[in-house]
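Q: After the structure tokens below, expect a handful of questions from me.
The values are calculated or read from the model by the stated rules, or taken from the named source; none is laboratory data. Keep in mind that what you see is a predicted model, and the values were worked out from it rather than measured. Every residue, glycine as well, gets a Cβ built from its backbone with ideal geometry; the counts of neighbours run over all protein chains shown. These area figures cover heavy atoms from the full protein model, side chains too; ligands, DNA and RNA do not enter into them. Shrake-Rupley method; radii C 1.70, N 1.55, O 1.52, S 1.80 Å.
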Amino acid sequence: MAGAIIRISNVRYRWRPQDPLVLDIPSFEVKAGERLFLKGPSGSGKTTLLNLLGGVAVPEAGTVSIMNTDISALGGARRDSFRADHIGFIFQMFNLLPYLSLIDNVILPCQFSSSRLQRALARAKTVEEEAERMLAYMELDLDALASRPVSRLSMGQQQRVAAARSLIGAPELVIADEPTSSLDADVRKSFLDLLFHEVDKAGSTLLFVSHDASLEGAFDRAVPLPEINRVRVNG
């Protein structure tokens, strides 16, 4: 059985010292290679948990271990470096950079991580070629879209660019934060199929966070956040 790529132990988090707890998680694990669906209503702490897993925030107590590294014990610069090397994010609002081209948006993680750059170059002669392969697999017409500002792409197109960016260089962990919330059912299914294919090909672990319980059947396991978080919505 695969070991845990994510291991949380006795984690507590609040935004400010005088604020109530947002998260109080005794334990939580995700196994390497797993496709896990984390569900919960708005305001239940899903995005806060992702910030802890990505090292964007640190808990007031407990440990957040990714790939056997307690990232909560690292300094800010080392957390940034660890995240760049090992974690790909798909954000709810995609966070594409409007002043970069479609291709440059995709290869951006490789500018910050030599590890991901080398893994991308193991698959293609250039990192741009690997970006083009991924975008083509995501069913984007590069001839028609390559010169178009990313801000003028449809929501579905932006979503696929964001997914390619998160997956380039085969990060060990891919975290998706409500990436399908603005898409209709047909586009959601197509996107999940493409995402699963690329994650499986890279051997990555996928943590997919959503309030849409209709998606959970496509995943290896579903975990309701209220089952692991002792803090309840609305107190």
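Q: Please find, within segment 70-112, the residue that is nearest to A164 (Cα to Cα) out of those that are open to solvent by less than 40 Å² (accessible area, probe 1.4 Å), without any contact (Cβ under 8 Å) to a residue 24 or more places away in the chain and of a type outside the set (G, A, S).
A: I71
Q: Would you be able to say whether some residue in segment 82-97 is among the β-branched types (V, I, T), at pLDDT below 95 and closer than 30 Å to A146 by Cα?
A: Yes, because at least one residue in segment 82-97 is among the β-branched types (V, I, T), at pLDDT below 95 and closer than 30 Å to A146 by Cα.
Q: For segment 151-181, give me each residue that is more than 20 Å from the chain's Cα centre (by Cα) and not hydroxyl-bearing (S, T, Y).
A: Answer for segment 151-181, where residues must be more than 20 Å from the chain's Cα centre (by Cα) and not hydroxyl-bearing (S, T, Y): R152, L153.
Q: Here's another thing I want to ask about it. For L50, state whether it is under 16 Å from I228 (Cα atoms), open to solvent by less than 40 Å² (accessible area, probe 1.4 Å) and at pLDDT below 95.
A: yes
Q: What pairs come out if I take residues in segment 6-22 that are within 15 Å of S72 (Cα to Cα) and modelled with pLDDT of 95 or more and pair them with residues that are open to solvent by less than 40 Å² (accessible area, probe 1.4 Å) and among the charged types (D, E, K, R) whose C-beta lies under 7 Å away, six or more apart or interchain?
A: Taking only residues 6 or more apart or on different chains, the pairs are R12/D24.
Q: All but one of (1) on the phi > 0 side of the Ramachandran plot; (2) out of contact with any Pro (no Cβ under 9 Å at 6 or more places or on another chain) hold for N10; which doesn't?
A: The number of the failed condition is (2).
Q: How many residues does segment 10-28 contain that are buried (at least 16 other Cβ atoms within 10 Å of the Cβ) and within 21 Å of the chain's Cα centre (by Cα)?
A: 6
Here is a yes/no grid of residues against (1) of a type in the set (F, W, Y); (2) out of contact with any Lys or Arg (no Cβ under 8 Å at 6 or more places or on another chain); (3) within 23 Å of E128 (Cα to Cα):
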| residue | (1), (2), (3) |
| --- | --- |
| I168 | no, no, yes |
| E172 | no, yes, yes |
| K201 | no, yes, yes |
| G217 | no, yes, no |
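Q: What number of residues within segment 33-53 are of a type in the set (A, V, I, L, M, F, W, C) and touching a Pro at 6+ places or on another chain (Cβ under 9 Å)?
A: Count: 2.
Q: Here is a follow-up. Look through L194, L206 and report the one residue that is closer than 30 Å to L21 by Cα and either within 18 Å of the chain's Cα centre (by Cα) or of a type in the set (S, T, Y) (or both).
A: L206
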